[in-house]
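Quick notes on the structure that follows.
The values are calculated or read from the model by the stated rules, or taken from the named source; none is laboratory data. Since the model is a prediction, treat every value here as computed from it, not as a measurement. Positions of Cβ are backbone-derived with ideal geometry, glycine not excepted, and every protein chain shown enters the neighbour counts.
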Amino acid sequence: FAGLADVSISGDIPVEGEITVPVGSRSPDEDYSTLDEPVKDTIMRDLKAVGKKFVHVMYPKKSSALLRDWDLWGPLVLCVSLALMLQGGSADSKDDGGPQFAEVFVIIWFGAVVITLNSKLLGGTISFFQSLCVLGYCIMPLTVAMLVCRLVLLAGSGTISFIIRLIVVVAMFGWSTLASTAFLADSQPPNRKGLVVYPIFLFYFVISWMILTFTPQ
Amino acid sequence: IACLVIYLFAEFDDAANLLAANPDATTISIDEPEIPKNQHGRLQEPRREEDDELLGTDDSDKTELLAGQKKSAPFWTFDYYQTFFDVDTYQVLDRIKGSVFPVPGKNFVRLYIRSNPDLYGPFWICATLVFTIAVSGNLSNFFIHLGKPTYHYVPQFRKVSIAATAIYAYAWLVPLALWGFLMWRNSKVMNIVSYSFLEIVCVYGYSLFVYIPTAILWIIPQKVVRWVLMIFSLCLSGSVLVMTFWPAVRDDNRRIALATVGTIVLFHALLAVGCL
């Protein structure tokens, strides 16, 4: 700065301009202002987003809302509730029981990750977490089926209850597969759709099998 | 001068991109039709006439060349692994058909894989087989004991873990051992058709497909039916393997060739008996 020492600005040169913060060009998502809102608003916003996705799964139309704003809260809640309900089926010995909580949890999450990797390796354009989000949310019909199965098993465990459970599980399995295919199939190259849909089918089939073969203590 | 600097940086960027895309560019000139020798250790040997009928077409030279230039992404990028999944639905279905109906005299690798081995088929066929075995084992247990008043149904979930370990170990370790063995024999006897590791994994994976309907039919609780089914499926998938590997070992010492093929069949039979 040595060369600037002898530069002087005479005091009567007017310096013009405005130093105001333009209000209109605040960032479009206005997330910076959510720090001041009450906690209830924050939680309700997330809950509403999750709820909206559940509704999307129930009536699967080709909307991009599920894909765009992915979140993993819904899948986590569904997975934990399903694993809790499936836990500790009847066991004669230590080895012959139904799947434990950790096994169900690992199957669901590891299965979803493998299917996502598979679809990405085959050239899909969907992002990793979007795919996990869709696969997780589409477990919802199967969780409903599990609930119904447990209620039916409370009433009795004969042949009629088995037939009811079979019908419910098969219907929900079909619903899950169709819902997830409706969301995921568009992002795949057209001559590989079958290759991508088959693992999803296998995944929901395994979960349905675990639900159907659940027998209480 | 600033423009020159920017131009030089752009040049460096281009050069870096070129090198990243084709790391062998410095060692091989693109004009010569030469296969890089370090691609999966495959040897380009002069073919004999007897091999031609098994090799399918005469332009397998070109397909090998294309394959050699295809897998040029470095192995730590995602694109490298994407090259192993470069199949369409109809191709996978064709390969499965080829494994279920083996045509005598036609080599599965040359006819269907043609230097495009994929990992989709082996992986998902093994996964399906694991779950099919677990489900059908459970169901067959249920039907055997149906009607007995003391029977209490249990879903045997341990079967899944055991089956998964066994099948994936078979589908990966046995090809590894076989590939190592073939490479070792290659160094001693020159004129052997050799396969890359992925092609061997591919053949083993697709040959396991026959066991899936067999496992489903295994639910029938009749012993005779089960044994007949098992021997039938063993013959089918074993023949695919034998026809694939016979050209690779027949130039070798007679006894070693027979021993190799015999070991292949033996392991396959062990898997069948163990799983079913």
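Assorted remarks:
- Residues located in segment A:97-120, provided they are at the interface with another protein chain (Cβ under 9 Å from one of its Cβ atoms) and over 18 Å from residue B:121 (Cα atoms): A:97, A:98, A:99, A:100, A:103, A:107
- Unique residue being modelled with pLDDT under 75 and away from chain A (no Cβ under 13 Å) when the list is B:193, B:100: B:193
- A residue that is part of a helix (DSSP H, G or I) and more than 26 Å from residue A:121 (Cα to Cα) occurs nowhere in segment A:186-206.
- Subset of segment A:140-173 (residues that are within 22 Å of residue A:130 (Cα to Cα) and exposed (fewer than 14 other Cβ atoms within 10 Å of the Cβ)): none
- Residue in segment A:142-153 that is over 24 Å from residue A:100 (Cβ atoms), assigned to a helix (DSSP H, G or I) and either in contact with a helix residue (DSSP H, G or I) (Cβ under 9 Å, 6 or more places away or on another chain) or among the aromatic types (Phe, Trp, Tyr) (or both) present: no
- Any hit, segment A:169-177, residues being facing another protein chain (nearest Cβ under 10 Å), under 20 Å from residue A:152 (Cα atoms), among the hydrophobic types (A, V, I, L, M, F, W, C) and touching a residue at least 40 places away in the same chain (Cβ under 8 Å): no
- Odd one out for residue A:134 among (1) buried (at least 18 other Cβ atoms within 10 Å of the Cβ); (2) part of a loop (DSSP other than H, G, I, E, B): (2)
- Criterion violated by residue A:124 - all others in (1) within 14 Å of another protein chain (Cβ to nearest Cβ); (2) closer than 30 Å to residue B:88 by Cβ; (3) surrounded by 13 or more Cβ atoms within 10 Å (Cβ to Cβ); (4) at pLDDT 85 or above satisfied: (4)
- Among the conditions (1) more than 14 Å from chain B (Cβ to nearest Cβ); (2) modelled with pLDDT of 90 or more, the only one that residue A:166 does not satisfy is (1).
- Cβ pairs under 9 Å, 6+ apart, first in segment A:184-204 and facing chain B (nearest Cβ under 10 Å) and farther than 17 Å from residue A:109 by Cβ, second small (Gly, Ala, Ser) and outside any helix (DSSP H, G or I): A:189/A:123; A:189/A:124; A:192/A:123; A:192/A:124; A:196/A:124
- In segment B:124-140, the residues that are away from every other protein chain (no Cβ under 11 Å) form Cβ pairs under 9 Å with partners that are among the polar types (S, T, N, Q), at six or more places apart or across chains, as follows: B:137/B:156.
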